[in-house]
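S.K.: Here's a structure for you.
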Amino acid sequence: KANAAKREIAVALGFAPLDAPSAGLTEKITRLYRYTQIGLGARFGRYQLKNVAGRNQIDYEMFLFDLYVRSGRNNSQTENQALAVVSSHLDLPVFILFPKADAEGRFARLGIKIADWMVSAFGHPIDFPENPEFDQHYLVSSRDVDGTRQFLNGERLGRLAHTRQLSVHAGADTFIVSRPVVTTKAPTLEIINERVNHAQGLFG
């Protein structure tokens, strides 16, 4: 039932459900998680894309997908209708963007410290003092600081500064926009449409 709801939303937004994603698309998407996720399960687990739907634009393609990773006997959902943008016009450094906790208190501060550690473990944390509001809400890390700054320019930072709880994985010709999975419930049409708008804004 949840999968049928995802298909209905995808079709309503102009996406065509795919019976099975191509090997090339699966590699483009999963390599970003292998590059940027922390932990052996994420790096060496077996990934599977489900509920995939695609939409062609003039300069790029968009794909909605669920991502599962299996490590040993564990099978967990990593993404719930994340949105990938693939384009030959993109040449991105590998970077990750994580949301900071909006709430205050001991547990929120602990969450920020854990996210900060994960970002530091992946690459070099990057600050954007020119946009304090963005820095207040997001952590960014990359091994290519200059390239990441070039992509996350003033206009893109401005858009992201007015969003909350987005995650971005990027590299080469692909970037992925999602939110941390906190429920297995299918996102609503409004949420997916908002995700599409965020992705289009990042593509520029």
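S.K.: If I stretch the segment between D91 and D127 completely, what's the gain in nm (0.36 nm per residue apart, minus their alpha carbon distance), one decimal?
M.R.: 10.8 nm
S.K.: Report the gain in length on full extension from E8 to A20: 0.36 nm times residue separation, minus Cα-Cα distance, nm rounded to one decimal.
M.R.: 2.6 nm
S.K.: Sticking with this one: Could you calculate the contour length gain from D146 to K1, that is, 0.36 nm times the residue separation minus the distance between their Cα atoms, to one decimal place in nm?
M.R.: Contour length minus Cα-Cα distance gives 47.7 nm.
S.K.: Another question about this same structure. With each pseudo-label sitting 7 Å past Cα toward Cβ, what's the E190-R46 distance in nm, one decimal?
M.R.: According to this spin-label approximation, the distance is 4.0 nm.
Every number in this text was worked out from the coordinates using simple rules, so none of it is lab data. Owing to the predicted nature of the structure, the values given are computational and were not obtained by experimental measurement. So basically every Cβ, Gly included, is an ideal-geometry build from the backbone, and we count neighbours across all protein chains shown.
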